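Working notes, structure below.
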Amino acid sequence: MTIAEEKFETVDVDRSTRPAATVMKRRSGVFADEGGPTVRPPAAAHLSDEQVAQLGRELDAVRDEVVAQRGASDAKYIRTVIRVQRLLELGGRGTIIASSTKVGWVLGTAMLSVAKIIENMEIGHNVLHGQWDWMRDPDIHSTTWEWDFVTPSRAWQHTHNDLHHRWTNVIGKDNDVGYNVLRMDESEPWRPRHLLNPVINAGLAPIFEWGIALYDLEMSAVKSGEKSKEALRADLKALGVKALKQFAKDYAATPLAALAFTGRGKRALGATVAANAIRNVWAHSVIFCGHFPEGTDTFSEEMVEGETRGDWYVRQMIGSANISGSPAMHFMTGNLSHQVEHHLFPDIPSNRYAQVAPKVRDVCRRYGLPYTTGPLWKQVGSAWAKVFRLALP
């Protein structure tokens with residue numbers, strides 16, 4: 001009988017007697033070598049320390065297998081995606097600039113919208129996670145890539161890679177739970193302003209990139225003294241420079257070119273505004289589907305004190321949700337439809353998530369852990385239902 005099969009015969013482990021030194025062994029960014037947290041999340045309370053350790057070893061093996069297989073086909077994949085995205089963007093902007101008809105406007109806007117979604121989701125997000133650093137290509141590297149999103153890459157990498165992925169759904173440590181503006185967990189005390197939850201979320205969707213840019217400034221950390229005013233000024237400067245570049249590209253260069261060729265600069269400006277809004281709404285929907293549908297857990301700080309790597313794996317699996325669908329849908333989400341797998345292995349190539357998903361699902365089944373997934377419409381609806389529900393006391 002395997003460790004996983006024994007789980008239903010295992011009695012609950014009393015961790016209240018575990019020595020404090022063991023519980024506190026993990027420092028920031030460092031996992032304990034053995035043991036486990038004082039309190040495990042309810043969905044994983046039936047697991048013993050040894051079962052969690054074995055689960056961790058199994059998932060390490062899944063990752064190691066992918067790392068060993070990376071090669072020319074993966075490199076060809078990302079380079080092809082980048083070429084296609086750039087052709088789509090050039091074609092979209094060219095059509096917007098040259099066309100004077102409504103059909104041309106719709107076609108150009110659609111092409112540019114798709115190009116922006118691909119760049120943001122499948123290229124930018126994943127390159128900035130270091131998924132392609134192993135290629136040693138200075139043009140496709142997490143330290144050099146600047147994506148088509150108003151928030152600077154470096155600022156986003158800090159709040160997303162360093163904080164969110166380390167402290168996924170830990171209340172008090174992961175500010176992505178609600179982005180400091182939405183009430184997205186019952187543990188947050190209700191206030192009258194939370195009645196605006198649905199209004200704020202609806203307004204956030206079409207300007208999502210600007211919401212993330214402001215969030216990445218970490219104003220709450222400035223107020224608490226964790227972030228210096230000098231650091232804030234540096235971040236504001238970087239954001240200002242990036243915003244000017246985005247404005248110049250989308251709201252000046254393309255409309256001015258259209259004005260020169262067809263005299264329809266305002267129509268072109270409307271197209272670039274629409275393309276950014278479409279990309280933002282899509283990104284907002286995908287991100288909310290991966291983190292906020294019913295079935296995704298949140299965690300207290302007590303649940304991560306003494307956390308081992310296996311416990312971290314468990315937290316990623318029960319704190320994330322997937323979207324089921326076609327290969328085209330997975331591609332357009334940047335493979336973040338495999339959010340569970342992404343949170344387990346944020347640095348493996350995104351085109352490999354479909355390969356590891358059945359193995360991760362099997363691990364969840366054997367260890368008695370939930371694996372939350374559903375079609376896009378269901379996950380979007382579930383996330384929005386939570387937005388409305390938590391607007392009320």
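The values are calculated or read from the model by the stated rules, or taken from the named source; none is laboratory data. As the structure is a computational prediction, the values presented were derived from the model and not from experiment. Neighbour counts are summed over all protein chains in view; Cβ atoms, including those assigned to glycine, are modelled from backbone coordinates with ideal geometry.
Computed quantities for the displayed model
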quantity	calculated
Any hit, the stretch 131-141, residues being outside the structural domain of Ala328 (by TED's automatic domain parsing), crowded, with 23+ Cβ neighbours inside 10 Å and either closer than 21 Å to His330 by Cβ or modelled with pLDDT of 95 or more (or both)	yes
Residue list for the stretch 164-197, filter: without any contact (Cβ under 8 Å) to a residue 12 or more places away in the chain and in a loop (DSSP other than H, G, I, E, B)	Asp174, Gly178, Pro189, Arg191
Answer residue from the stretch 339-393, given it is aliphatic (A, V, I, L, M) and assigned to a loop (DSSP other than H, G, I, E, B) and is farthest from Glu294 (Cα to Cα) among those	Ile348
Selected residue (only one of Met329, Met317 is part of a helix (DSSP H, G or I), surrounded by 24 or more Cβ atoms within 10 Å (Cβ to Cβ) and within 24 Å of the chain's Cα centre (by Cα))	Met317
Of all residues in the stretch 198-216 being buried (at least 19 other Cβ atoms within 10 Å of the Cβ) and touching a residue at least 40 places away in the same chain (Cβ under 8 Å), the one that is nearest to Phe388 (Cα to Cα)	Asn201
Elements of type helices (runs of 4 or more DSSP H) in the stretch 1-113, at least 1 residues being at pLDDT below 85 and outside the structural domain of Gly265 (by TED's automatic domain parsing)	20-23
Residues within the stretch 217-263 that are acidic (Asp, Glu) and loosely packed, with under 15 Cβ neighbours inside 10 Å, tallied	2
Residue, farthest from Lys249 (Cα to Cα), within the stretch 76-118, restricted to residues that are touching a residue at least 40 places away in the same chain (Cβ under 8 Å) and hydroxyl-bearing (Ser, Thr, Tyr)	Tyr77
Any helices (runs of 4 or more DSSP H) falling wholly within the stretch 205-282 and containing at least 2 residues that are out of contact with any helix residue (DSSP H, G or I) (no Cβ under 7 Å at 6 or more places or on another chain) and closer than 23 Å to Val177 by Cα	208-215, 219-224
Asn161 vs. criteria farther than 19 Å from Pro206 by Cα, surrounded by 21 or more Cβ atoms within 10 Å (Cβ to Cβ), touching a residue at least 24 places away in the same chain (Cβ under 8 Å) and touching a Pro at 6+ places or on another chain (Cβ under 9 Å)	no
